[in-house]
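The values are calculated or read from the model by the stated rules, or taken from the named source; none is laboratory data. Note that the structure is a prediction, hence the values are computed from the model and not measured. Quick reminder, even Gly has a Cβ in these numbers, built from the backbone with ideal geometry, and neighbours come from all protein chains shown.
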Amino acid sequence: DAGVIQSPRHEVTEMGQEVTLRCKPISGHDYLFWYRQTMMRGLELLIYFNNNVPIDDSGMPEDRFSAKMPNASFSTLKIQPSEPRDSAVYFCASSPGGQSNQPQHFGDGTRLSIL
Amino acid sequence: AQSVTQLGSHVSVSEGALVLLRCNYSSSVPPYLFWYVQYPNQGLQLLLKYTTGATLVKGINGFEAEFKKSETSFHLTKPSAHMSDAAEYFCAVTNSGGYQKVTFGTGTKLQVIP
């Protein structure tokens, strides 16, 4: 089975540019999560979706960040405009629906560097 | 509210030695507990999980963990470390009863010395 697929794997861009990160969850998984990982703050949940609907976006740092899930097989995380402090590894994860005892399946992440 | 504390951000063991990574949790209701492993430049992968039933849980790569309610602990162990075990390990907690957000610990980096 294909796992969670993220693209691009690496992104380097200049401050002020728009950045779009993409994620394809595992087929049949009802939940999709976006995380950010940094040395200073560890792993932070940004937002999660259930059946394509955003459920909790309280972790989104500010209005420059937005996430969408137009269908069950695709999600984007957008940063506009980007700032150097947004540099981090961004992970997408998915899990089957229903109960909390289902583990999350992570993609390999997008390493984002804002110059 | 729920939280998880991992004691020791870095742990070093010799190859062949016992691995012990500590995790304590806080939860107002019965928890579900997970250990994940992260290798360099990869996402987190599930090692093992506890939901209900047997308190000693066996996972992949020879790891196991024991749920101890009285100690609110879920420590991860492996009898004999292998060089390939060098990675970062995350303990995580959530609650039963429908979907709940998962709270991850801050991680423990395991170094295995030849």
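Is it true that A:Ser94 is away from chain B (no Cβ under 14 Å) and within 30 Å of B:Thr52 (Cβ to Cβ)? Working first, answer last.
On the way: away from chain B (no Cβ under 14 Å): no; within 30 Å of B:Thr52 (Cβ to Cβ): yes.
Against the criterion (away from chain B (no Cβ under 14 Å) and within 30 Å of B:Thr52 (Cβ to Cβ)), A:Ser94 does not qualify.
Among the residues of the stretch A:85-99, is any assigned to a strand (DSSP E or B), touching a residue at least 24 places away in the same chain (Cβ under 8 Å) and more than 27 Å from B:Pro40 (Cα to Cα)? If you could, list the steps in order and put the result at the bottom.
Start the filter on the stretch A:85-99 by keeping residues that are assigned to a strand (DSSP E or B), which leaves A:88-95.
So of that shortlist, the ones also touching a residue at least 24 places away in the same chain (Cβ under 8 Å) come out as A:88-95.
From the residues that got through so far, the ones that are more than 27 Å from B:Pro40 (Cα to Cα) too are none.
Taking every residue of the stretch A:85-99 in turn, none turns out to be assigned to a strand (DSSP E or B), touching a residue at least 24 places away in the same chain (Cβ under 8 Å) and more than 27 Å from B:Pro40 (Cα to Cα).
Looking at (1) surrounded by 14 or more Cβ atoms within 10 Å (Cβ to Cβ); (2) of a type outside the set (Lys, Arg); (3) within 12 Å of chain B (Cβ to nearest Cβ), which one does A:Met40 not meet, given that it meets all the others?
A:Met40 satisfies all of (1) surrounded by 14 or more Cβ atoms within 10 Å (Cβ to Cβ); (2) of a type outside the set (Lys, Arg); (3) within 12 Å of chain B (Cβ to nearest Cβ) except (1).
Would you check which residues across the stretch A:4-29 are surrounded by 14 or more Cβ atoms within 10 Å (Cβ to Cβ) and either at pLDDT below 95 or in contact with a helix residue (DSSP H, G or I) (Cβ under 7 Å, 6 or more places away or on another chain) (or both) and list them?
A:His29
Of the conditions (1) hydroxyl-bearing (Ser, Thr, Tyr); (2) under 16 Å from A:Thr110 (Cβ atoms); (3) without any contact (Cβ under 8 Å) to a residue 60 or more places away in the chain, A:Ser27 satisfies every one except a single condition; which number is it?
(2)
Among the residues of the stretch A:1-24, how many are outside any strand (DSSP E or B) and closer than 16 Å to A:Phe106 by Cβ?
Here the count works out to 5.
So, in the stretch A:100-115, exactly how many residues are more than 14 Å from chain B (Cβ to nearest Cβ) and part of a loop (DSSP other than H, G, I, E, B)?
Total satisfying the criteria: 1.
So in the stretch A:27-52, with the set limited to residues that are of a type in the set (D, E, K, R) and in a loop (DSSP other than H, G, I, E, B), which one is nearest to A:Ser7 (Cα to Cα)?
The selected residue is A:Asp30.
Looking at A:Leu21, A:Leu45, which one is more than 16 Å from A:Ser82 (Cα to Cα) and among the aliphatic types (A, V, I, L, M)?
Of the residues listed, the single one that is more than 16 Å from A:Ser82 (Cα to Cα) and among the aliphatic types (A, V, I, L, M) is A:Leu45.
Kindly list the number of the only condition in (1) touching a Gly at 6+ places or on another chain (Cβ under 8 Å); (2) more than 16 Å from B:Lys109 (Cβ to Cβ) that fails for B:Gln42.
Only one criterion is unmet by B:Gln42, namely (2).
Tell me, which strands (runs of 3 or more DSSP E) lie completely within the stretch B:31-96 with 2 or more residues that are in contact (Cβ under 8 Å) with a residue 12 or more places away in the chain?
Details: elements: B:31-38, B:44-50, B:56-58, B:64-68, B:73-78, B:87-95.
In the stretch B:31-96, B:31-38, B:44-50, B:64-68, B:73-78, B:87-95 are the strands (runs of 3 or more DSSP E) which contain 2 or more residues that are in contact (Cβ under 8 Å) with a residue 12 or more places away in the chain.
Would you check which residues across the stretch B:59-114 are within 14 Å of chain A (Cβ to nearest Cβ), under 18 Å from B:Tyr25 (Cβ atoms) and surrounded by fewer than 19 Cβ atoms within 10 Å (Cβ to Cβ) and list them?
B:Gly59, B:Ser96, B:Gly97, B:Gln100, B:Lys101, B:Thr106
A:Ile55 - would you say it is in a loop (DSSP other than H, G, I, E, B), in contact with a strand residue (DSSP E or B) (Cβ under 6 Å, 6 or more places away or on another chain) and farther than 28 Å from B:Ser9 by Cβ?
no
Condition first: surrounded by fewer than 15 Cβ atoms within 10 Å (Cβ to Cβ) and either among the aliphatic types (A, V, I, L, M) or within 13 Å of another protein chain (Cβ to nearest Cβ) (or both). Now tell me which residues in the stretch A:56-91 satisfy that.
Listed by number, the residues that qualify are A:Asp56, A:Ser58.
Being closer than 14 Å to B:Phe104 by Cβ and surrounded by fewer than 20 Cβ atoms within 10 Å (Cβ to Cβ) is the filter; apply it to the stretch B:28-48 and report the residue that is nearest to the chain's Cα centre (by Cα).
The selected residue is B:Leu46.
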